[in-house]
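Chemist: Please read through the structure below; I'll follow up with questions.
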Amino acid sequence: MQAIGFQKVCLEIEKLIQGLIWGNTADHRSVSLVKWKEIRQPLRSGGLGFWHLKSFNQAFIMKLGFQLIHDEQKLWVQV
């Protein structure tokens, strides 16, 4: 059930970022001239390099899990 909550949070954050880029306000919604999928592409591919937050979050959790198993010397792992 928590995974669904994280997905919703990631989607809401991406919506806020999109609104910021397009110049949306509470009173005015702008029309997007470029697809969000294209903007999210890496810089070398012509995009603006924004991360896909859901994938980034999953990678971060995997990294923490790996450290939890393999880095026994770290204080936070011992706790």
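Computed from the coordinates by the stated procedures, all read-outs in this text should not be read as laboratory data. What you see is a predicted model, and the numbers here were worked out from it, not measured in a lab. Every residue, glycine among them, receives a Cβ derived from its backbone with ideal geometry; neighbour counts consider all protein chains shown.
Chemist: Considering only the stretch 17-25, I want to know if a residue exists there that is surrounded by 13 or more Cβ atoms within 10 Å (Cβ to Cβ) and either aliphatic (A, V, I, L, M) or in contact (Cβ under 8 Å) with a residue 40 or more places away in the chain (or both).
Modeler: Within the stretch 17-25, one or more residues are surrounded by 13 or more Cβ atoms within 10 Å (Cβ to Cβ) and either aliphatic (A, V, I, L, M) or in contact (Cβ under 8 Å) with a residue 40 or more places away in the chain (or both).
Chemist: Among the residues of the stretch 26-61, write down those that are exposed (fewer than 10 other Cβ atoms within 10 Å of the Cβ), closer than 26 Å to Phe6 by Cβ and β-branched (Val, Ile, Thr).
Modeler: Residues satisfying the conditions do not exist here.
Chemist: To continue, here is another question. Given the structure, is Asp71 among the acidic types (Asp, Glu) and out of contact with any helix residue (DSSP H, G or I) (no Cβ under 8 Å at 6 or more places or on another chain)?
Modeler: Details: among the acidic types (Asp, Glu): yes; out of contact with any helix residue (DSSP H, G or I) (no Cβ under 8 Å at 6 or more places or on another chain): no.
The answer is no for Asp71.
Chemist: Counting only residues that are of a type outside the set (Lys, Arg) and more than 10 Å from the chain's Cα centre (by Cα), how many does the stretch 44-60 have?
Modeler: At the first step, the residues of the stretch 44-60 found to be of a type outside the set (Lys, Arg) are 45-53, 55-60.
Checking the rest, the ones that are also more than 10 Å from the chain's Cα centre (by Cα) come to 45-49, 59-60.
The number of residues fulfilling the criteria is 7.
Chemist: Now, a different point. Any residue in the stretch 53-79 that is closer than 22 Å to Lys15 by Cα and in contact (Cβ under 8 Å) with a residue 24 or more places away in the chain sitting within a Cβ distance under 9 Å of a residue that is surrounded by 10 or more Cβ atoms within 10 Å (Cβ to Cβ) and of a type in the set (Phe, Trp, Tyr)? List the pairs, counting only those 6 or more apart or interchain.
Modeler: Taking only residues 6 or more apart or on different chains, the pairs are Lys54/Phe6; Asn57/Phe6.
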